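Only one structure is covered here, and it is reproduced in the block below.
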Amino acid sequence: MLQTVYWRAPGLLNVRLVIDDDRRRRNRRTRRSSPMNVYDYTARRRMRKVLSALVCSAALGSVPAIIDATPAQASTAPAPSAYDCGDAPARFFQLRDGNATDGYSQLWSASVTGPESANPTFYDWKPIHTFTGVKPVALAARDIKKSTNTVSPGWVSYVYFSGTDKNLHQFRWAPNEGTEWRQDQLTTSNLWGYKALAWNGRLWGVKGDTSTYEGDLYVATGLDNYEDDPYDTPSGQYVVKNNFGYPKSFYGVTGGNHQIGFANTAGELKYATTLGGYQTSTVRASSWNAGRTVDLGGGLLYRFLGGTTNEVKRYTLGAIEGSNTGMGTGVVIKSGVASDDAPTTTVSDLCQVSTAPTTEPVAASCSAVTASVPIEHTTLVSGPTGYSFRVHKCLAPSLDRLLDAAYSSGHILKGWGFRSYDSQVQLRKEHCGTSYYAIYEMPSSQCSPPTARPGSSMHERGLAIDFTSNGDPLNTSDFNWLAANADSYGMFNFPKERWHWSTNGN
Ligand SMILES: [Zn+2]
């Protein structure tokens, strides 16, 4: 098969390379079997080096940009050094042929490349995989890694998806390796039914109802070790924001630690971060509910506008960390685009991948904790009797004082504090049933005993305690002491449960 690669240098010649792909494949086979055939391999590497030099020079503000590459652009992908240039190529992934209920049957990919100064070009979409069996419902592109296969070096993309089986899967795409594909199922508990996914050094997901625009925002844990083998297994999940809604677009903000971008149903373009507790900032206040938006990396946004215009616009972001200062007005780069051609999830190449996430900071103030937290955000508080409670770090000092004060008044308080999101899921299984609906969606009041939906309990935030009287149900004397004193330590009773005390009474 012949592959055609065009290089366009404005004001200069168009350069056209024709690569005999069958010959390359034959050579690769030969290379595997015979270490003598080094020449062709070296020549190929040399050609890569030339391509990468061109891309590097483009990034420095001169020419040229890659214009087209068919059929699989990655077979002519620039060598690693090109990715250090600053303006990296990016790759889009998209699901087609299906819907968010029954799943999609096809995975497509397209690319964008070249620096801003060279007017980046949007490649054509190409189908890269057909799913049979479990189908993906939502996907997020993780990152691109260099293959460790020294015979066939190249770049490997990793794509997460949540499937119709409500499990998390990972898909490995290595175009340089020809037909090599790998698909792994990462979870088995059927509790990962995300309707939207985004990756930015961590996996964000939205579960909810796409018709009513109700949904909660989640983060998966155990997937955030950037430099490790991308085949991490998620260790858990927790809710970052209840009632997040269901975003019109949802994507990882490349280069911004812990940030996602999304457009909500009010048409606001926002960025969200979990730094110091869940926070959002508004990038655009209106008119962003149409179409889809993705982060291209390198401070660029792509936006597909639906309706009558059907344009793809590119925006520059002067300040991707929060504010809208410096956001450009947008340049139309393609008109008359079919909705299928709208950019969706993006993976940007190495320049952006180099921004590894740091350990998530712990909220300093309990009022900033608005959803469940990982156990790392909690600590053990040992009271005067040596009995320990696990609570959010923000609550530890005042709880410590409360326990001291109670003890000096003759009250020995014990009980339970933090409960992980996964523990809450376990409780729901025991109290409400084991179906996905029973665990995640059934109203608390229909469970026996009533048990809060995962993500909505103050215990999951580390901000609630169920007190006992030295291990026995809370007695009247201890309750009365708490009722008279707990508020001065920031703890309030939930009227329906005399044992349950939290920072807001919920
Ligand atoms: Zn409780």
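Bear in mind these aren't lab numbers, they're just calculated from the coordinates by the rules spelled out. Note that the structure is predicted; figures quoted are calculated from it, not measured. Cβ placement follows ideal geometry from the backbone for every residue including glycine, while neighbour counts extend to all protein chains displayed.
Want the number for Thr309 to Ser445: 0.36 nm per residue separation, take away the alpha-carbon distance, what's left? Write down the numbers at each step before the final one.
On the way: separation 136, 0.36 × 136 = 48.96 nm, distance 4.83 nm.
Length gained, Thr309 through Ser445: 44.1 nm.
Estimate the FRET efficiency between Tyr436 and Ser409 by the formula 1/(1 + (r/R0)^6), using the beta-carbon distance for r and 51 Å for R0, to the nearest 0.05. Could the numbers behind the result be given before it?
Working: r = 47 Å, r/R0 = 0.92.
My answer for the efficiency is 0.60.
Considering only Cα-Cα distances, which of the following residue pairs are longer than 31 Å: Lys393/Lys496; Lys135/Lys248; Lys126/Lys195; Lys270/Lys334; Lys166/Lys496? Intermediate results must be reported in sequence, preceding the final value.
Numbers: Lys393/Lys496 26 Å; Lys135/Lys248 21 Å; Lys126/Lys195 24 Å; Lys270/Lys334 24 Å; Lys166/Lys496 34 Å.
Lys166/Lys496, as the Cα separations exceed 31 Å there.
Give me the extension gain from Ile375 to Ser388: residue separation times 0.36 nm, minus the current Cα-Cα distance, reported in nm with one decimal. Don't skip to the answer; put the middle values down first.
Values: separation 13, 0.36 × 13 = 4.68 nm, distance 1.50 nm.
Here the segment from Ile375 to Ser388 would lengthen by 3.2 nm.
Using a Förster distance of 35 angstrom, determine the FRET efficiency expected from the C-beta separation of Ser335 and Ser423, and round it to 0.05.
On the way: r = 52 Å, r/R0 = 1.50.
Taking R0 as 35 Å, the efficiency between Ser335 and Ser423 is 0.10.
Quick one: which residues, 5+ away or cross-chain, put their amide H under 5 Å from the amide H of His129? H built at 1.01 Å from N.
Amide H neighbours of His129: Leu107.
Could you rank the peptides 491-499, 134-142 by their average count of other C-beta atoms within 10 Å per residue, with the highest value first? Intermediate results must be reported in sequence, preceding the final value.
Numbers: 491-499: 15.2, 134-142: 23.6.
Answer by packing, highest mean first, reads 134-142, 491-499.
Taking the Cα-to-Cβ direction at Arg182 and at Thr265 and moving 7 Å from each Cα, how far apart do the two end points lie in nm?
The answer from the label model is 4.1 nm.
Calculate one ³J(HN,Hα) per residue across segment 464-480 by plugging θ = phi - 60° into the Karplus curve 6.51 cos²θ - 1.76 cosθ + 1.60, and present them in order as whole Hz with x for glycine and proline.
Along segment 464-480, the couplings run 9, 9, 9, 8, 10, 9, 6, x, 9, x, 4, 8, 5, 4, 5, 4, 5 Hz.
Using per-residue counts of other Cβ atoms within 10 Å, averaged over each peptide, order 433-446, 380-393, 202-215 from highest down.
Details: 433-446: 14.1, 380-393: 16.9, 202-215: 19.1.
Ranked from most to least packed, the peptides come out as 202-215, 380-393, 433-446.
Using 0.36 nm times the number of residues separating Thr210 and Val134, minus their current alpha carbon distance, what extension gain do you get? Write down the numbers at each step before the final one.
Details: separation 76, 0.36 × 76 = 27.36 nm, distance 2.02 nm.
Using 0.36 nm per residue and subtracting the Cα-Cα distance, I get 25.3 nm.
At what distance in nm do the modelled label points of Lys126 and Ser281 sit from each other, each positioned 7 Å from its Cα along Cα→Cβ?
3.8 nm
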